Each structure stands twice: as C-alpha cells, then as structure tokens.
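All remarks here apply to the structure that follows.
Laboratory data are not the source of any read-out in this text; all were calculated from the coordinates shown. Note that the coordinates shown come from a computational prediction; the quantities given were computed from them, not determined experimentally. All Cβ positions, even for glycine, are placed from backbone atoms using ideal geometry, and neighbour counts span all protein chains on display.
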Amino acid sequence: MDENKKQHEWILDGIDCANCANKVERGVAKVAGVANSNVNYMTQTLRFEVTGEREDQILSQVKQKVNKLEPDVILKNKADGRLIKLDTPAHKATQPKEDEKHYEWILDGIDCANCASKVERGVAQVAGVANSNVNFMTQTLSFEVTNEKKDQILSQVKQKVNTLEPDVVLKNKADGTLIAMSTKTAEAESAAAEAVEQDNREDGEKNELRTAIIRLVLGFSFMLAGIFLSLEGWF
C-alpha cells in the first residue's frame, strides 16, 4: 500500500444481498480519492484506501455514498464496532452531540428478525435516544442517549424492550451483566407507584363515605315517609 494512502475497514451492518454489496463496492470506488474499494458480502465488510490529503472529506463522501445506495445499512468501524461518525463541516449538523453516550445491550432470547426490527423501531421512539439499531444475528441492541436524564432514558429503553418482547433478557454486551434500572430511577418509579396507590385508596374511601351518606339520607327519607303515612291513619 502506498505510504500516502490509509486503509479503512467498515462493517456494512444490514447488507442483505450480494448484488447490494457489489453496488456499494462500485459506488465507493467512484468517490474521488478512494482506491481499492472491496466489499466482502460474507463478512459484511467494506475495505478501501484513501489519500492522506482531505481524508476526512473523502470519508464523509464514502459514508454519503453508502447511505444513498443502501439507506438501511448501518456503518460501523470493524476494529471496535462503533458507529461511523464524521465531524466534517458538511456533517456536523447531523452528527450526534458530544454529550451522547453509546450503549450496546444483548437481547438474550430474541428469536425472529421481525421481533428485532420491532425492538429497533420501538427504542428509536424513546425520547432522548439516537441511532437505535438491532443486529439480529448477534442479538445486539446499540443506541445512544444524552447524558441529561441518562438514567431515566435507559430505564425507558428497558421498559420499552420488556413491553415489546417480555421474554427477552437484557444484558450488557461488555461484561454480560443483567441490565437493571439505577437505584434512583427505581426509587422514583416506586414512589410514583405508591402515590398512585395512595390516591386510589383515598378515592375508594371517598366513594365509600359518599355511598354511606346516600344510604343514610335515603333511609331517613323512607323513615319520614313511614311516619307521615302512619299519622294519616289518625285523621
């Protein structure tokens, strides 16, 4: 490889046909400054080289080309599995903010591609979540959240997955530990549940009191009616 060229390897997560892979390979090869474009469909890997000059701009153009040809494909760095993010001026407006953090959870027990897609779409709808993606083959949910209210957002993501796929067990991909809500979030939700239960109890007590008063009034009315009727017999 020429000294002024740098090799890159990206995962084409979601590429689903050999023709699509060939189309991406040819498209990337047409980007000015790219050499030796190659896509291995079996490993879902795009390999290419760029010149050192204007490298960021060329990488941005490669990403744009792939996104245009295969919009459903998620681009990841093969070395670490992280999503491809480019901070060139043309893309700063569309890139995640600096305060966003990346998470990868194992969906242990996900058993169909449609279920995986359903989870991906559901998590994407959670406020504060960006770049929701589920790889059914590796049973991995990846997403990003802002640091602001991070615990609350993570709790909502967990609830969303549990609602959509109650039999799936969520684990941290890094260490295999079970995903659990933070203590603060759990306490807050417990307090909210207790408050709702207290309100329900109070409403029940009010209804019982109201019913007792109505019965008392009706009983008193019937008693008065009986007295008046008995008095009529004296006249």
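Once both labels are positioned 7 Å from their Cα atoms along Cα-to-Cβ, the gap between Glu197 and Ala130 label points is 3.9 nm.
Compute the signed sum of charges (Lys and Arg +1, Asp and Glu -1) over the other residues within less than 10 Å, Cβ to Cβ, of Asp72.
Around Asp72, the surrounding residues sum to -3.
Maximal additional length on extending the Gln57-Phe222 stretch stands at 50.4 nm, based on 0.36 nm per residue less the C-alpha distance.
In the structure shown, the pairs Lys85/Lys158; Lys6/Lys63; Lys76/Lys118; Lys30/Lys118; Lys5/Lys85 are assessed against 27 Å; a Cα-Cα span above that value is assigned to Lys30/Lys118.
Summing charges over all other residues whose Cβ lies under 15 Å from the Cβ of Ser117, with Lys and Arg as +1 and Asp and Glu as -1, gives -3.
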